[in-house]
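Notes follow the structure.
The values are calculated or read from the model by the stated rules, or taken from the named source; none is laboratory data. Owing to the predicted nature of the structure, the values given are computational and were not obtained by experimental measurement. So basically every Cβ, Gly included, is an ideal-geometry build from the backbone, and we count neighbours across all protein chains shown. Protein only, heavy atoms only, side chains kept; ligands, DNA and RNA dropped before computing areas. Shrake-Rupley method; radii C 1.70, N 1.55, O 1.52, S 1.80 Å.
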Amino acid sequence: MKVCLRDRITAGLGVSVLAVLAAMSYYYSIHTETEALRAEIIRESPDFTSTNIALTQFKADGTAERRIFADYAEHYEDGRMTRLVTLSVDKPQVKASADTGISSDAGETVHFTGNVIVTRAGDRENAPMRFETEQLTVFPDTEIFETGAPVKLVNGADVTTGIGMTFDNVERTVNIHSNVKSSFSPRNEKE
């Protein structure tokens, strides 16, 4: 039996095609398994961690709108960040600090927990303000701060406590929701 060159080439091509198909199947099988494992790891592990950071968000015209400071931050694929301090740069400064701050929607809301302290610098019409609570939700775009927890508000020398609060920094209003108790310091006649 005589094997011609054409039969050898045909057999070689057939074996080559089968070898390439087998190698591609193996590659995609391994690649799919690794991607599934990687996806699970990403959800529970931060994309990056950093210490002593300052992030500045800018308006469309290029002026700074707000800053986020953190002694330590972890960024997750879903947008969570921890341990933040925020402030507004174009109005009397408002700073919010806490043990932990988390934003899971790209900074549209920030949830602070543990030793939350918010300060607003004074200006010509308003005394400096500070409030303390254990949990706080901040809406940076509308500059609204809300809590349902007990709160202590110090405005100049006046002190107010209560349960729950809404602070609107744009309207410059504070609404304590319940159990409100206030003590006011005497004012000078010049004030």
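Here are the numbers:
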read-out: Shape of the stretch 112-191, Cα gyration tensor, a/c cut at 1.5; value: oblate
read-out: Relative contact order (%) - criterion: Cα under 8 Å, at least six apart; region: the stretch 95-176; value: 21
read-out: Using a Förster distance of 35 Å, the FRET efficiency for ASN175-THR34 (Cβ separation, nearest 0.05); value: 0.10
read-out: Cα→Cβ-extended label distance, 7 Å offset, between LYS152 and ASP7, nm; value: 9.7
read-out: Residue order for ARG120, ARG6, ARG172 - accessible surface, 1.4 angstrom probe, largest first; value: ARG6, ARG172, ARG120
read-out: Accessible area in the full protein assembly, largest first, 1.4 Å probe, for LYS181, LYS59; value: LYS181, LYS59
